[in-house]
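The structure under discussion appears below in the form of structure tokens.
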Amino acid sequence: MDVQEDCIDVHTLTWKTHLCIMKKRTFIKLAGTAGAGLLFAPLAGCTNEESNDSGNTESPARPFLFLQEPLGYEFDALEPAIDAMTMEIHYSKHHAGYVNKLNRAMRASGMSTDGLTLESLLPTIALDQTALRQNGGGHFNHTLYWRTLEPGGASEPSGDLRDEMVETFGSLEEFQAAFAQAAATRFGSGWAWLIRNAEGKLEVTSTPNQDNPLMHKIVETPGQPLLGVDVWEHAYYLNYQNRRKDYIAAFLQHINWDVVAANDLA
Ligand code: MN3
């Protein structure tokens with residue numbers, strides 16, 4: 001199989017295509033090419049394969065499972081803002097763990113996965129659906145985080161998004177201050193967000209744990225997430241220890257605003 005023919009650039013994808021459905025063998029092959037700057041998932045025409053995140057070869061696999069897309073850059077690409085070991089553990093252990101547990105939760109739920117995407121799943125999750133809530137959120141949140149980080153530094157928002165940010169927050173600097181404040185003051189573990197809220201306005205919010213603004217039945221301020229920063233200690237503690245504010249400032253210097261703008265259209 002020619003991997004190149006089945007790949008498209010990750011940054012061209014919308015959340016509609018976020019549920020990565022592909023053969024497990026293909027995924028492993030793709031994951032191995034992540035450092036070369038490729039790619040992502042062939043979404044149509046995939047058939048069942050031997051996917052089994054539990055490693056138990058005896059349990060039958062569902063035809064479709066959520067998969068973790070390749071990172072798209074090297075673990076050390078964000079040095080010194082985010083160190084390579086943090087990136088590797090965060091992507092390979094923490095995020096991968098959410099994906100595996102989400103797949104287990106999906107199997108346990110008996111829900112149909114036919115046509116399901118994370119975007120369509122998250123708004124349906126109720127307060128008491130703990131496994132789906134934690135791991136569906138964990139998968140979505142981290143995928144957004146990897147996609148919007150920009151090795152080599154920040155590009156500024158441009159066009160309509162820039163104009164609207166200035167109109168909403170007063171200036172780009174005031175947006176950064178509001179976002180950093182939300183991230184710094186999120187008690188314990190969680191995320192700070194730039195969202196488009198239910199009224200269609202830009203807004204800075206934060207959520208605890210792995211909750212996501214698409215979880216309409218759960219979060220205080222639902223909306224479409226455009227940008228999110230992970231303020232769990234696992235995202236920064238090796239390099240920054242208790243200096244969460246320094247990590248947030250570094251994060252804000254490594255944003256791909258074209259991806260943020262594309263998230264707005266998803
Ligand atoms: Mn994390």
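Whether any residue in segment 220-236 is within 16 Å of the ligand (Cβ to nearest atom), outside any loop (DSSP other than H, G, I, E, B), open to solvent by less than 20 Å² (accessible area, probe 1.4 Å) and aromatic (Phe, Trp, Tyr) is what I want to check.
Restricting attention to segment 220-236, the residues satisfying the condition of being within 16 Å of the ligand (Cβ to nearest atom) are 225, 227-236.
Applying the additional criterion that residues be outside any loop (DSSP other than H, G, I, E, B) yields 225, 227-230, 233-235.
Now narrow it down to the ones that are open to solvent by less than 20 Å² (accessible area, probe 1.4 Å): 225, 227-230, 235.
With aromatic (Phe, Trp, Tyr) added as a condition, the list becomes none.
No, segment 220-236 contains no residue that is within 16 Å of the ligand (Cβ to nearest atom), outside any loop (DSSP other than H, G, I, E, B), open to solvent by less than 20 Å² (accessible area, probe 1.4 Å) and aromatic (Phe, Trp, Tyr).
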Looking at segment 237-251, which of the residues that are away from the ligand (no atom under 16 Å from the Cβ) and without any contact (Cβ under 8 Å) to a residue 12 or more places away in the chain is surrounded by the fewest Cβ atoms within 10 Å (Cβ to Cβ)?
242
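Can you spot a residue in segment 105-114 that is surrounded by 21 or more Cβ atoms within 10 Å (Cβ to Cβ) and basic (Lys, Arg)? Full working, then the answer.
Quick first cut of segment 105-114, residues surrounded by 21 or more Cβ atoms within 10 Å (Cβ to Cβ) only: 106.
If we keep only those that are basic (Lys, Arg) as well, we get none.
Scanning segment 105-114 turns up no residue that is surrounded by 21 or more Cβ atoms within 10 Å (Cβ to Cβ) and basic (Lys, Arg).
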Members of segment 143-181 found to be open to solvent by 20 Å² or more (accessible area, probe 1.4 Å), in contact with a strand residue (DSSP E or B) (Cβ under 7 Å, 6 or more places away or on another chain) and without any contact (Cβ under 8 Å) to a residue 40 or more places away in the chain, listed by number
164, 168, 178
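The values are calculated or read from the model by the stated rules, or taken from the named source; none is laboratory data. On a predicted model such as this, the values are computed, not experimentally measured, just so you know. Cβ atoms come from the backbone with ideal geometry, glycine included; neighbour counts cover every protein chain shown. Keep in mind that these areas ignore ligands, DNA and RNA; they rest on the heavy atoms of the full protein, side chains included. Shrake-Rupley method; radii C 1.70, N 1.55, O 1.52, S 1.80 Å.
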